[in-house]
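The values are calculated or read from the model by the stated rules, or taken from the named source; none is laboratory data. Just so we're clear, the structure is a prediction, and the values are computed from it rather than from any experiment. For neighbour counting, all protein chains shown are included, and Cβ atoms are generated from backbone atoms with ideal geometry for every residue, glycine included.
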Amino acid sequence: MMSGFSRLRAGGLLATAALFATAACGAGAAETAPDGKPAVVAAFYPLQWLTEQVGGSDAQVSGLTPPGVEPHDVELGIQQVTELKNATLAVYVKGVQPAVDEAVEPDTSFDAATSVATIPVGEHAGEHAGEGEESAEEHGHEELPYDPHLWLDPSRLATVATKLGERLATADPAHAQGYKDRAAKTAAALTALDQEFAKGLTTCTTRTLVTAHEAFGYLSDRYRLKQIGITLDPETEPSPARLSEVAKLAKAEGVTTIFTEALVSPKVAEVLASQVGAKTAVLDPLESKPSGDYLSAMRDNLKTLQTALGCTA
Ligand SMILES: [Zn+2]
């Protein structure tokens, strides 16, 4: 508990800080970090990585979702809501985190989904009958006209990098050239990664991807793969009927590997793999920080896919 005295004192300090900030920035100016750099908040890992690349040393970039937390489930405290509202720019993907969608201000936010061509939430929707609508709603995707996992296509993320560079240049004109240069460099690195994927997945024994969490729609769209998701929500147990349906499809398509992911229990994938006579492997949806960075984790994903799908490079 705070004593009456320290509460008063904290209040006084806050008021002083607010006055000081107003005096320093002028009325209506965007929030800046203590060292004068624009404060940019990125909603979850891949966006944080991208924003750090593009912002460089000109921006003070912070991540909203702590490492190891499924971003879909994130709940925001008062401090984080304030951070989002006061940021020079909040970078997010509408539809991933309902709490963030609610907290951001239209004038000081950048929704990455508005920069690229989106795809609908899997055509599989009808195949989820019997799972219950509640689960999809909890995952936060259900109301959306599109699939939000767009960062898993490097070519779309390259476009986001360019658009983000333009947006940061507008928000902080004194450093416009730096943002644009770094955005171009980041887009080039992502385009190179896209070419590696295209080349590495050209000739494969099977093009069917059976995943625990349906996060790979954009990757499948870009590289002509077919995703079969066991469930839309990784935390929901699929019905026995859904499991045997996926097992049948997997056998028919010559699937040898069922994909699971680090933040989700592999149990369902393991049950399915044993029914199909397949192995399991981890494919990272990059919703949380990997051990390396976005580029190295995607290259690991490419290797995993090439082995699992029997691709010859
Ligand atoms: Zn997801």
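Some observations on this one:
- Inside the range 168-206, residues that are crowded, with 18+ Cβ neighbours inside 10 Å and of a type in the set (Lys, Arg) make up a count of 1.
- The single residue among 87, 39, 43, 59 that is touching a strand residue (DSSP E or B) at 6+ places or on another chain (Cβ under 8 Å), within 19 Å of residue 290 (Cβ to Cβ) and touching a residue at least 40 places away in the same chain (Cβ under 8 Å) turns out to be 43.
- Test: residue in the range 172-186 that is touching a strand residue (DSSP E or B) at 6+ places or on another chain (Cβ under 8 Å) and within 16 Å of the ligand (Cβ to nearest atom): no
- The range 65-74, residues that are within 16 Å of the ligand (Cβ to nearest atom) and either in contact (Cβ under 8 Å) with a residue 12 or more places away in the chain or part of a loop (DSSP other than H, G, I, E, B) (or both): 65, 68, 69, 70, 71, 72, 74
- Index of the failed condition, residue 194 passing every other in (1) within 16 Å of the ligand (Cβ to nearest atom); (2) in contact with a Pro (Cβ under 8 Å, 6 or more places away or on another chain): (1)
- Reported count of residues in the range 231-259, each being at pLDDT 90 or above and within 16 Å of the ligand (Cβ to nearest atom), is 1.
- If the condition is being surrounded by 13 or more Cβ atoms within 10 Å (Cβ to Cβ) and either basic (Lys, Arg) or part of a helix (DSSP H, G or I) (or both), then the range 280-302 contributes 289, 294, 295, 297, 298, 299, 300, 301, 302.
- Test for residue 145: is it within 13 Å of the chain's Cα centre (by Cα), under 27 Å from residue 187 (Cβ atoms) and at pLDDT below 95: no
- For the range 233-249, a tally of residues being of a type outside the set (Ser, Thr, Tyr) and in contact with a Ser or Thr (Cβ under 7 Å, 6 or more places away or on another chain) returns 2.
- Hey, residue 40 closer than 16 Å to residue 167 by Cα and not in a helix (DSSP H, G or I) or not: yes
- When residue 236 is tested against (1) free of Cβ contacts under 8 Å to residues at least 40 places away in the same chain; (2) in a loop (DSSP other than H, G, I, E, B), exactly one condition is not met: (1).
- Of all residues in the range 260-287, those being small (Gly, Ala, Ser) and within 16 Å of the ligand (Cβ to nearest atom) number 3.
- Residues that are outside any strand (DSSP E or B) and away from the ligand (no atom under 16 Å from the Cβ) were ranked within the range 209-230; the one that is surrounded by the most Cβ atoms within 10 Å (Cβ to Cβ) is 223.
- Looking only at residues of the range 197-208 that are closer than 19 Å to residue 157 by Cβ and touching a helix residue (DSSP H, G or I) at 6+ places or on another chain (Cβ under 6 Å), we find that the one that is farthest from the ligand (Cβ to nearest atom) is 200.
- Apart from one condition, residue 77 fits all of (1) buried (at least 19 other Cβ atoms within 10 Å of the Cβ); (2) at pLDDT below 95; (3) not basic (Lys, Arg); the exception is (1).
- Any chance residue 47 is out of contact with any Pro (no Cβ under 9 Å at 6 or more places or on another chain), modelled with pLDDT of 65 or more and within 16 Å of the ligand (Cβ to nearest atom): yes
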